[in-house]
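Below is one structure; the comments refer to it alone.
The values are calculated or read from the model by the stated rules, or taken from the named source; none is laboratory data. Given the structure is predicted, the values throughout are model-derived calculations rather than measurements. Quick reminder, even Gly has a Cβ in these numbers, built from the backbone with ideal geometry, and neighbours come from all protein chains shown.
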Amino acid sequence: MKVTTLSTDIGRLLVLLLGIPVLFGCENETIEDTSTAFRFMPPAYQMDFPEDTVKQAALISLWNVNLNGFTEQGQLGDPWNAINMDNITHYFNPSVTSPAEAAVADIIWGALPGRVAFYFENLPEEDQLSISDRGLLANGDQPPLIPNDPCDLTNGATRVFGPYGPRGFQDEYSEWSVQRDANGVITRIDFTCENPEYWNTLWIIDPEKALSIYQSTLNYATITMDDLILHDAAGNKVLDPSTGGYVYNPLNKYNNGSGGAMHLTSTPNTLQTEIGLATSSTLQRKSGNANEDELICCGTFGQNYRNSDPHIGGSVNRVVEAGFQVTLTNPPGLYIQMPNFSQYVTPDGTDASEFWTIVRGKEKAVDEYGHELPGNYILHATFEVPASKGYKVGDITIAGKKINWGSQISATYNMQIVASALPMAAPAEEPCSGTPATSTPDPQQLFHASVFDAMHGHTVANPMKQYMNLLSNSTFIAPKVAQGASNVPMVLTTDALNFELGNPVITFDDPSITAAYVRHDTVSYAVPGNSYPSNSIAVYFNVAVGAQAGLGTHSVQLSNQGQNPGPAMPALLNVVESINQ
């Protein structure tokens, strides 16, 4: 047991830097810490197995593996395809460096898509609200084309507005789904900010629990297991070699556009992406941080003109500039804040806040050191009027206008992440990121081949009518392979390889894990975190894992034949004792 005294100096400085309240201990405050080791906790300290301590422990254990891997990946940056993008020293892994004495501050942004307001500021408000809800103008047409390069709005090249998914346009880490009656009047809206990585982790531990939470959260008792399972092009259920069970479909019909909103689906709306944004934004740039969109262009992280990415990046950058290292506060996540109901008017005068229900998460959270954390920790909320009232959501007004779009409500609440900071001398400034004269093959994502093929073959319908497949909604959770397994078909994606030199070479950080090249293909998808798809090379190979291979996650290196490999990508493969499902 240890007693920790927290310093107020860090907190006071962060107040000045961010202009927001900061949680910190008093000079004479002592906090009893009985924990033996740091653990990444589920978002909002959500406990989805209150009746089963064994499964809850298994979920937290796997969540730790995943979050530690995401953190290591973020700390590496991009040493393959960019210059000045890999000297990340000021984002700390709380599993390695204790955050017990860190100051804690929330970073807040608006939930309504900022890119809609930026690119379509001249469109009527009704069209902007419609785009934010369903990706289309109020009359059902597609929105105008937007500049292709957000860092050069004058070059004349254009592209279709994206991201392309069923809710891709809701790219502020908050998504919602609207239900209407036969007359088109809104009856219920579900709002979510749950990250897809958590839901994939939950599914790995217990698909039945995932199903029951779908049913209770969305209030659809008719949802079946078959509804949530990924099917291949022939309609067959897809098996997951990592578990022995079936693969989860993150864009199932109850988490797809207006069909329901259980967790985030827009391709940049992932927790791994958020960690990567935070790590990259610690790099100090010659551009400075006064203009947050210029900082994003200089550092090539995140997406311009969102409310979230530029503000998060700029806030983190300023804290590091002032002499701190940072990390996402435990439990890492993205959280909905309570709406401002001051302009809501109901037909009978009832306070509209009575119709806002927190279904998952909580209004307040207390950390492992006994502090109440700043802001709200809402994961899923609904806005719905009880039938006994005799009116519906669509009969309520906000600022004098009836609620006809979910985005009218999203405009009244904010989102937040929470960051922790410890003193550390500021790093030297770096030039803007750039393209190296010669790129090194980069290991992007690793899949079991059967899962990769099924996701690649699953075409995703979207309002923009652009080609999209389910790979864009995959995650960086490391696939599992058991000790002693051989000839396990897998796929590693990468940006570029030179096959004129021969077959590529794949190596792991454990010599008892070997890879044998089979073939390659070119695929198009948005690597999770990206807003738009691009071409990747899919390298098919067979893996053999020795009986004595080290348990846990392993890094992967990729190289052209006869050339030295670049840096290894951490935490792409997870070696386990056995596949026990």
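In region 512-526, the residues that are assigned by TED's automatic domain parsing to the domain that holds G552 form no Cβ pair under 8 Å with any partner that is surrounded by fewer than 15 Cβ atoms within 10 Å (Cβ to Cβ) and β-branched (V, I, T), whether six or more places apart or across chains. The residues of region 118-146 that are surrounded by 14 or more Cβ atoms within 10 Å (Cβ to Cβ) and either touching a strand residue (DSSP E or B) at 6+ places or on another chain (Cβ under 6 Å) or aliphatic (A, V, I, L, M) (or both), listed by number, are Y119, L123, L129, I131, L136, L137, A138, I146. Restricting V491, V527, V518 to residues that are aliphatic (A, V, I, L, M), modelled with pLDDT of 95 or more, surrounded by fewer than 18 Cβ atoms within 10 Å (Cβ to Cβ) and touching a helix residue (DSSP H, G or I) at 6+ places or on another chain (Cβ under 9 Å) narrows the list to V518. Only residues that are among the hydrophobic types (A, V, I, L, M, F, W, C) and surrounded by fewer than 21 Cβ atoms within 10 Å (Cβ to Cβ) were counted in region 375-397, giving 1. Output yes when any residue across region 169-183 is of a type in the set (G, A, S), closer than 27 Å to T397 by Cα, in contact (Cβ under 8 Å) with a residue 12 or more places away in the chain and crowded, with 23+ Cβ neighbours inside 10 Å, and no when none is. Yes: one or more hits.
Here the condition is being modelled with pLDDT under 95 and of a type outside the set (G, A, S); of D348, D309, D367, it holds for D367 alone.
Of all residues in region 221-249, those that are farther than 13 Å from D453 by Cα have Cβ atoms under 7 Å from Cβ atoms of residues that are at pLDDT 95 or above and among the charged types (D, E, K, R), 6 or more apart or on another chain, in D227/K253; I229/K237; S242/K480; Y246/K237; Y246/D240. Report, by residue number, each residue of region 331-362 that is under 23 Å from L59 (Cβ atoms) and outside any strand (DSSP E or B). Matches in region 331-362: P331, P332, G333, L334. Given the condition charged (D, E, K, R), farther than 26 Å from N64 by Cα and buried (at least 18 other Cβ atoms within 10 Å of the Cβ), answer yes or no: does some residue in region 366-374 qualify? No; the residues of region 366-374 include none that is charged (D, E, K, R), farther than 26 Å from N64 by Cα and buried (at least 18 other Cβ atoms within 10 Å of the Cβ). Per the conditions (1) under 29 Å from the mean Cα position of the chain (by Cα); (2) outside any strand (DSSP E or B); (3) surrounded by 19 or more Cβ atoms within 10 Å (Cβ to Cβ), the sole criterion not satisfied by A549 is (1). In region 404-439, the qualifying residues are those that are in contact with a strand residue (DSSP E or B) (Cβ under 8 Å, 6 or more places away or on another chain), in a loop (DSSP other than H, G, I, E, B) and of a type in the set (V, I, T), and the one that is surrounded by the most Cβ atoms within 10 Å (Cβ to Cβ) is T412. Scanning for something surrounded by fewer than 22 Cβ atoms within 10 Å (Cβ to Cβ), within 30 Å of A538 (Cα to Cα) and acidic (D, E), does region 444-453 turn up at least one residue? Among the residues of region 444-453, at least one is surrounded by fewer than 22 Cβ atoms within 10 Å (Cβ to Cβ), within 30 Å of A538 (Cα to Cα) and acidic (D, E), which makes the answer yes. Residues in region 133-168 that are at positive phi and touching a residue at least 12 places away in the same chain (Cβ under 8 Å): G135 alone. The requirement of being touching a Phe, Trp or Tyr at 6+ places or on another chain (Cβ under 9 Å) and not assigned by TED's automatic domain parsing to the domain that holds Y91 is satisfied by D227.
If you go through region 177-214 and keep only what is in contact with a strand residue (DSSP E or B) (Cβ under 6 Å, 6 or more places away or on another chain) and more than 30 Å from K55 (Cβ to Cβ), you end up with V178, Q179, R180, D181, I186, T187, R188, I189. All of V320, V345 fail the test of being over 30 Å from S472 (Cβ atoms), surrounded by fewer than 22 Cβ atoms within 10 Å (Cβ to Cβ) and among the aliphatic types (A, V, I, L, M), apart from V345. Give the residues of region 536-581 that are within 29 Å of S439 (Cβ to Cβ), polar (S, T, N, Q) and out of contact with any Lys or Arg (no Cβ under 7 Å at 6 or more places or on another chain), sorted by residue number. Scanning region 536-581 gives S536, N542, T553, S555, Q557, S559, N560, Q561, Q563, N564. Listed by first and then second residue, the pairs linking a residue in region 198-218 that is surrounded by 18 or more Cβ atoms within 10 Å (Cβ to Cβ) to a residue that is of a type in the set (S, T, N, Q) and assigned to a helix (DSSP H, G or I), with Cβ atoms under 7 Å apart and 6 or more places separating them unless they lie on different chains, are T201/N66. The residues of region 215-273 that are part of a loop (DSSP other than H, G, I, E, B), more than 19 Å from the chain's Cα centre (by Cα), closer than 21 Å to L446 by Cα and not polar (S, T, N, Q), listed by number, are L230, D232, V238, D240, P241, G244, G245, V247. A count restricted to region 364-402 and to residues that are within 18 Å of N340 (Cβ to Cβ), in contact with a Lys or Arg (Cβ under 9 Å, 6 or more places away or on another chain) and hydrophobic (A, V, I, L, M, F, W, C) stands at 5. In the set N93, N64, N68, N81, only one residue is assigned to a helix (DSSP H, G or I) and touching a residue at least 60 places away in the same chain (Cβ under 8 Å); that residue is N68. For the condition at pLDDT 95 or above and either in a strand (DSSP E or B) or assigned by TED's automatic domain parsing to the domain that holds T300 (or both), P463 does not qualify.
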